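Let me begin by presenting the structure, written as structure tokens, before commenting on it.
The values are calculated or read from the model by the stated rules, or taken from the named source; none is laboratory data. The structure presented is a predicted model; accordingly, all values stated were derived computationally and were not measured. Cβ sites come from the backbone with ideal geometry, for glycine too, and all protein chains shown count toward neighbours. For accessibility, only protein heavy atoms count, side chains too; no ligands or nucleic acids. Shrake-Rupley method; radii C 1.70, N 1.55, O 1.52, S 1.80 Å.
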Amino acid sequence: ITQQDPKDAESFSMLARLYHVSHDEAKAEAAYREVLKIDANDEDALSGLATVLADRGDLPGAIDLLKQLVEKTPDPRMILMLAQLYEQSNDFSNAANALKVVLEQNDDSRIQKQWAIDLYKAGRADEALSVFQELANQDPKSVPLQLQIMELQERKHDFAAAEKTLAKVRTVENSAEV
């Protein structure tokens, strides 16, 4: 079909997905690039090509494609994928920034927790502490959240606050039903 109509982006896109599913990354990449020659803004081809590049370890190339896509269409799923690629490349500050954009569109506690973790890994301790405290307010019996807060407080040398948080942890642990 693609030989009969070399401008048929839909057929090239389907071919690219089939190649990707069959783990023929080189042919999948070539087919996605054909789609992008026909329509440089094809969202499926951009995200598909980004996935192929990420699968073969080209994280910078995948990130560039997703940034291009997200600038045009701020789809939360694509922004989340971008955040995950940033995390894989240990760029936690950009991952945190991307997750913040997702949270503006979809307030999900799992995404909020990952945002806090990325902030922490990026060295943005004050922001991370604030997010972890907000999460702990939503789930006051969560010992792991309280321990994360305590660790951040200790890193900031706020030992009085860390001691109060430890007291909360002990209270929660002592009140746990067996």
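Considering Leu49, Leu119, Leu80, Leu135, the condition of being touching a Phe, Trp or Tyr at 6+ places or on another chain (Cβ under 6 Å) and either under 30 Å from Val172 (Cα atoms) or part of a helix (DSSP H, G or I) (or both) is satisfied by Leu49 alone. The set of residues in region 140-171 being open to solvent by less than 40 Å² (accessible area, probe 1.4 Å) and acidic (Asp, Glu) is empty. Condition first: polar (S, T, N, Q), on the phi < 0 side of the Ramachandran plot and touching a residue at least 24 places away in the same chain (Cβ under 8 Å). Can you find one or more residues in region 126-138 that meet it? Scanning region 126-138, I find at least one residue that is polar (S, T, N, Q), on the phi < 0 side of the Ramachandran plot and touching a residue at least 24 places away in the same chain (Cβ under 8 Å), so the answer is yes.
Just checking, which of Asn137, Asn174 is closer than 18 Å to Trp115 by Cα and surrounded by fewer than 11 Cβ atoms within 10 Å (Cβ to Cβ)? Unique residue meeting the criteria: Asn137. Scanning region 34-53 for residues that are more than 17 Å from Val70 (Cα to Cα) and surrounded by fewer than 15 Cβ atoms within 10 Å (Cβ to Cβ) returns a single hit, Lys37.
In region 154-165, is there at least one residue being under 24 Å from the mean Cα position of the chain (by Cα) and of a type in the set (Val, Ile, Thr)?
Within region 154-165, the subset under 24 Å from the mean Cα position of the chain (by Cα) is none.
Within region 154-165, none of the residues are under 24 Å from the mean Cα position of the chain (by Cα) and of a type in the set (Val, Ile, Thr).
Of the residues Ile79, Ile38, the single one that is under 27 Å from Val102 (Cβ atoms) and among the hydrophobic types (A, V, I, L, M, F, W, C) is Ile79.
Limited to region 9-27, what total is found for residues that are in contact with a Ser or Thr (Cβ under 9 Å, 6 or more places away or on another chain) and surrounded by fewer than 19 Cβ atoms within 10 Å (Cβ to Cβ)?
Qualifying residue count for the region: 1.
Applying the condition of being of a type outside the set (D, E, K, R) and not in a helix (DSSP H, G or I) to region 1-33 and asking which residue is modelled with the lowest pLDDT yields Ile1.
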